[in-house]
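Participant: Right, I'll just put the structure down here and ask away after.
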Amino acid sequence: MTDGTTRREFLGSVAAFSLFPFEQEKPDLLLQNGHIVTMNAAEPVAEAVAISRGRFFAVGKNSDVMNLATSGVRKLDLGGKTVLPGFIDAHSHPAMAGVMHLRMVDCDRRSIPAIEAALRERATKTPAGEWVLGFKYDDTKTEDGRPLSIADLDSAVPDHPLHIIHRGGHTVYANSLGFRRAGIDEKTADPPGGKIDHDAATGKLSGRVAESAQAFFDKAIPQNFTRDDHREGVKLISKMLAKTGITSATEAQGTPTDLRAYQDARDSGDLLFRAYCFINYRFIDAMIEAGVRTGLGDDWVRVGAMKLVCDGSISERTARLSAPYEGRPNDYGILVMTEEELYTYGRKAHLAGWQIGTHANGDVGIDTTLRVYERLQKESPRHDPRFRLEHCTVINDSLIARIKALGAIPTPFSTYVYYHGEKMRYYGAERLNRMFALRSFLDAGIRATQASDYPPGEFIPMMALQSEVTRTDTKGNVWGPKQKISVEEAIRVGTINGAYASHEENLKGSIEAGKLADLVVLGHDPFKENPSTLVTIPVERTMAGGNWTFES
Ligand SMILES: [Zn+2]
């Protein structure tokens, strides 16, 4: 670039700025009489905010902020209600979940007969031979005390191929016709990093496959969602998130289709949260070739990290552990990619300026991922790469020290203890004190985030607060009490720390002048609420960019 162009661009930006001289900027909305918890250390609590063109213009005492009132400005009396920065869900799958809610059978039901009935009903409306698709099935949440079998699925849906994704997303279930369409029979060998389950007594297919074996189905099921379906999916999930106080979410397994869906929804006015869209490693070559890297985009849709997957899941017990699952002495979980594969993709992305987010749940998975990050940073040091450890569930002291040394960011599940209590017994009391380890992360000065991983976990921020503060499930069982944090810490984790994880801490995550006007108005004050009823706090309003995205 020549000096001439630089100067022209500089003058151009001055000219544009002078159209809106700062002194003449007027607030268009004033919120007063609130208990505003800002997450800004310089001014932790305020009474009023002024908002101008989507950003906080002033934050402070009623008297100071209301002095800015000019004719025509809108005013809202908050009546003493508590206001927090908008919540940031640092690991979720909104675009995928949206299209699933739009097109698939929601199998989040409490008995196998109830699931069968829902599938049967969908089958009657589906042309013969076409796939019936389900999602959010959870084998631990049905009263039957056993998982779905291939016989259940054959009797519910005999004439259509059927495919159901487990809530955790790492295992799928299918009927006999589904297996035939996927080209799997009793003799099909397990692929590397995957498993096809068989009935222990008969050797026949059980109906379930895990991890990379899911690819048989991915190839067989036609990907026939339209561009409109994907946009509609984002629209649907936008409303669901806004209702709970979420104003930003990381799309943790994004594809170019998802990136387009977010842009389409933004353009049609249907995107109600800010999306930080990870890109799955399978697309990284094309992205790098196109000159794309982390950070490209705007305040609503931004390219996030490259996503890698090291091991399995917590809810489906496939996370790779150094000690076996309770009651299963030979089961240590699954490593999905080899260290060398992680390094090869990681190196490409790292050299091209991408942030990297690697799914790593078990302590072996985290150790492997850290070794890759440490090697990348040693061979090709980059300033502030903010490597992410997606989930980072089972830790120990030495992993904590390495995470801190690297400046890496864990995104632990925020609602699992409360919502998935029945799965905790697979991990044992000692290990649970080292899981979803916010106390350990914060004490070490590590900026961990709040993350639902929806659909696997519930995304309600008030549930996250209760889960993190009490470490207690819906039945009153306490899991890993050493990792309890305070309400104030849980809010910090769910707001400003989430912004840091996407390099956006100067843009959002706290209520301070100059930042994006993203906030939530609550019906009760979480600081005064009994910790065991935090989940019942009603969200009255949610605002993103100065506009209400939800009003009760
Ligand atoms: Zn995820």
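Participant: Hey, any hits in the range 331-338 for a residue that's of a type in the set (Phe, Trp, Tyr) and either in contact with an Asp or Glu (Cβ under 8 Å, 6 or more places away or on another chain) or buried (at least 22 other Cβ atoms within 10 Å of the Cβ) (or both)?
Facilitator: no
Participant: What pairs come up if the first residue lies in the range 418-440 and is at positive phi and surrounded by 20 or more Cβ atoms within 10 Å (Cβ to Cβ), the second is of a type in the set (A, V, I, L, M, F, W, C) and not in a helix (DSSP H, G or I), and their beta carbons are under 6 Å apart, counting only those six or more places apart or on different chains?
Facilitator: PHE436/PHE413
Participant: Restricting attention to the range 517-547, and to residues there that are of a type outside the set (A, V, I, L, M, F, W, C) and in a strand (DSSP E or B), which single residue is nearest to SER414 (Cα to Cα)?
Facilitator: Ranking the candidates gives THR542 first.
Participant: Is it fair to say SER414 is of a type in the set (S, T, N, Q), under 30 Å from ILE165 (Cβ atoms) and in contact with a Phe, Trp or Tyr (Cβ under 7 Å, 6 or more places away or on another chain)?
Facilitator: no
Participant: Here's another thing I want to ask about it. Considering only residues that are under 23 Å from TYR500 (Cβ atoms) and surrounded by fewer than 24 Cβ atoms within 10 Å (Cβ to Cβ), which ones fall in the range 355-370?
Facilitator: LEU370
Participant: So which residues in the range 441-461 are surrounded by fewer than 24 Cβ atoms within 10 Å (Cβ to Cβ), touching a residue at least 24 places away in the same chain (Cβ under 8 Å) and more than 16 Å from the ligand (Cβ to nearest atom)? Write out each step before concluding.
Facilitator: Initially, the range 441-461 is screened for residues surrounded by fewer than 24 Cβ atoms within 10 Å (Cβ to Cβ), giving 442-447, 458.
Adding the requirement that they be touching a residue at least 24 places away in the same chain (Cβ under 8 Å) leaves 442, 444-447, 458.
Within the range 441-461, LEU442, ALA444, GLY445, ILE446, ARG447 meet the criteria.
Participant: Show me the helices (runs of 4 or more DSSP H) found entirely inside the range 90-175 where at least 3 residues are away from the ligand (no atom under 16 Å from the Cβ) and more than 19 Å from the chain's Cα centre (by Cα).
Facilitator: The helices (runs of 4 or more DSSP H) meeting that bar are 112-124, 150-156.
Participant: Any residue in the range 100-128 that's closer than 18 Å to PRO147 by Cβ: show its pairings with residues that are surrounded by 16 or more Cβ atoms within 10 Å (Cβ to Cβ) and among the hydroxyl-bearing types (Ser, Thr, Tyr) at Cβ separation under 7 Å, as long as the two are six or more apart or on different chains.
Facilitator: Listed pairs, sorted by first residue: CYS107/TYR137; ARG110/THR142; SER111/THR142; ILE112/THR142; ILE115/TYR137.
Participant: Looking at (1) away from the ligand (no atom under 16 Å from the Cβ); (2) of a type outside the set (Val, Ile, Thr); (3) modelled with pLDDT of 95 or more, can you tell me which one ALA501 breaks?
Facilitator: (1)
Participant: Can you tell me which residues in the range 77-89 are assigned to a strand (DSSP E or B), closer than 18 Å to ASN40 by Cα and either free of Cβ contacts under 8 Å to residues at least 60 places away in the same chain or away from the ligand (no atom under 16 Å from the Cβ) (or both)?
Facilitator: Once the filter is applied, which keeps residues that are assigned to a strand (DSSP E or B), closer than 18 Å to ASN40 by Cα and either free of Cβ contacts under 8 Å to residues at least 60 places away in the same chain or away from the ligand (no atom under 16 Å from the Cβ) (or both), the range 77-89 yields THR82, VAL83, LEU84, PRO85, PHE87.
Participant: When the range 364-392 is examined, which residues are found to be touching a helix residue (DSSP H, G or I) at 6+ places or on another chain (Cβ under 8 Å) and among the β-branched types (Val, Ile, Thr)?
Facilitator: Those that are touching a helix residue (DSSP H, G or I) at 6+ places or on another chain (Cβ under 8 Å) and among the β-branched types (Val, Ile, Thr): ILE366, THR368, THR369, VAL372.
Participant: Can you tell me which residue is surrounded by the most Cβ atoms within 10 Å (Cβ to Cβ) among those in the range 371-417 that are of a type in the set (S, T, N, Q) and within 16 Å of the ligand (Cβ to nearest atom)?
Facilitator: The selected residue is SER414.
Participant: Another question, if that's okay. List every residue pair whose Cβ atoms sit under 6 Å apart, with the two residues 6 or more apart in sequence or on different chains, where the first one lies in the range 387-398 and is over 21 Å from TYR454 (Cβ atoms) and the second, anywhere, is within 16 Å of the ligand (Cβ to nearest atom) and not in a loop (DSSP other than H, G, I, E, B).
Facilitator: So the pair list comes out as PHE387/ILE356.
Participant: Also, I was wondering about something else. Scan the strands (runs of 3 or more DSSP E) fully inside the range 238-319 and keep the ones with 1 or more residues being without any contact (Cβ under 8 Å) to a residue 40 or more places away in the chain and of a type outside the set (Asp, Glu).
Facilitator: Those strands (runs of 3 or more DSSP E) span 274-280.
Participant: Shifting gears a bit: Go through (1) assigned to a loop (DSSP other than H, G, I, E, B); (2) of a type in the set (Gly, Ala, Ser); (3) modelled with pLDDT of 95 or more for GLY207 and report which single condition fails.
Facilitator: (1)
Participant: Might you let me know whether the range 87-107 holds any residue that is surrounded by fewer than 23 Cβ atoms within 10 Å (Cβ to Cβ) and farther than 26 Å from ALA252 by Cα?
Facilitator: No, the conditions are met nowhere in the range 87-107.
The values are calculated or read from the model by the stated rules, or taken from the named source; none is laboratory data. Model, not experiment: these values are computed from the prediction. Neighbour counts are summed over all protein chains in view; Cβ atoms, including those assigned to glycine, are modelled from backbone coordinates with ideal geometry.
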